[in-house]
Amino acid sequence: MLALSACGGDGGGSAEPRDDAEPTESAATEGLSGLAGPADMEPEELLRLADETLRGAESFTADMSQEVGGTSLPAGDLLFTTGERCTSNLYSAEGNVEVIQDADDLWVRMSPETLALIFDEAQVQQLANRYLHGSADDPALADWAEMCERGGLPVALLEGQPAEYGVETTSLTVEAVSDHHGTPVVTVRREESGDGSAVTSTVLIAAEGEPYPLRTTSEMEFEDGSTMVNVTDYARFNAELPFHRPSDDFSVEADELDLAVPQP
């Protein structure tokens, strides 16, 4: 399975964000407009700037969608704000998962379909319409905590698909400045192919002001002719965003469950 395009702390098959890359004092803080022709910059440099700027944002939102067989459906959304606060949702045919993190506190709420896949009947009844609450450091909650991990652009967008997926980059280019919902953007395009599969990825980067990534797209064509398109839209950088901390009345403590919390 090819690595999917997503955001930040990636879920649902996305490449894990790099933890070793920290924002630095660089052209990322100056925007692209002060540099010589963003469309003339090397694509690797543009991707690096976009990655640094995303990592350095105090807050932002990300909305993910996936198109399979011509049908586009929401796949998830993220909200990161100040004070190590996050809200993350994943949507799938098997059910939905909502994760809320406030520093060391973690809450997880699952749809009935998801609960039935993970927990026994007694636990399902305890958690119905409630949040599972525990520490973000609890190993039993680790997979859910990953949904709120901060990061930059997925490695698959920055460096291409992992070698084990059998595709190689055949082209990495920068397109002329264009318009994205009224904002001038420069587009980095990566073409990959091999083993009967092909991937076309684009990253739209703001060409004026801070070089934030505004949209990432990965279009995958498989050997059997089927396609999958993953889109992530980023917005509201450094804005004051709403955050809701669940009430104790609607929470179940992880250590109060009848059995140990299983891994999702």
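The values are calculated or read from the model by the stated rules, or taken from the named source; none is laboratory data. Bear in mind the structure is a predicted one, so any value in this text is a computation, not a measurement. We place every Cβ from the backbone using ideal geometry, glycine too, and count neighbours over all the protein chains shown. These accessible areas exclude ligands, DNA and RNA; they are computed on the full protein's heavy atoms, side chains included. Shrake-Rupley method; radii C 1.70, N 1.55, O 1.52, S 1.80 Å.
Rg to Rh for the range 107-264: what is it, with Cα atoms only and Rh by Kirkwood?
That ratio is 1.09, to two decimals.
Glu94 label point, 7 Å along Cα→Cβ, cut-off 15 Å on backbone N: hits in the range 108-131?
110-120
Can you compute the FRET efficiency between Thr183 and Glu240 using 1/(1 + (r/R0)^6), with r the Cβ-Cβ distance and R0 = 22 Å? Round to the nearest 0.05.
It comes out at approximately 0.60.
Would you please give the FRET efficiency between Val68 and Ala176, computed as 1/(1 + (r/R0)^6) with r the Cβ-Cβ distance and R0 = 30 Å, to the nearest 0.05?
Between Val68 and Ala176 the formula returns 0.45.
Translational diffusion coefficient of the range 104-192 at 25 °C, 0.890 mPa s, Stokes-Einstein with Kirkwood Rh over Cα pairs, in µm²/s as a whole number. Before the final figure, lay out the partial values.
Numbers: Rh = 17.3 Å.
The Stokes-Einstein estimate is 142 µm²/s.
Ignoring ligands, DNA and RNA, how do Asp224, Asp120 rank by accessible area with a 1.4 Å probe, largest first?
I get Asp224, Asp120, largest accessible area first.
Apply the a/c threshold of 1.5 to the C-alpha gyration tensor of the range 55-130 and tell me whether it is rounded, prolate or oblate. Please list the in-between numbers first.
Working: a/c = 4.00, a/b = 1.17, b/c = 3.44.
Taking the square roots of the gyration eigenvalues as a ≥ b ≥ c, the range 55-130 is oblate.
Not counting ligands, DNA or RNA, and with a 1.4 Å probe, what is Asp51's accessible surface area in Å² rounded to the nearest 10?
0
How many nm is it between the label spots at Asp255 and Glu223, if each spot is 7 Å from the Cα in line with the beta carbon?
Output for this residue pair reads 5.1 nm.
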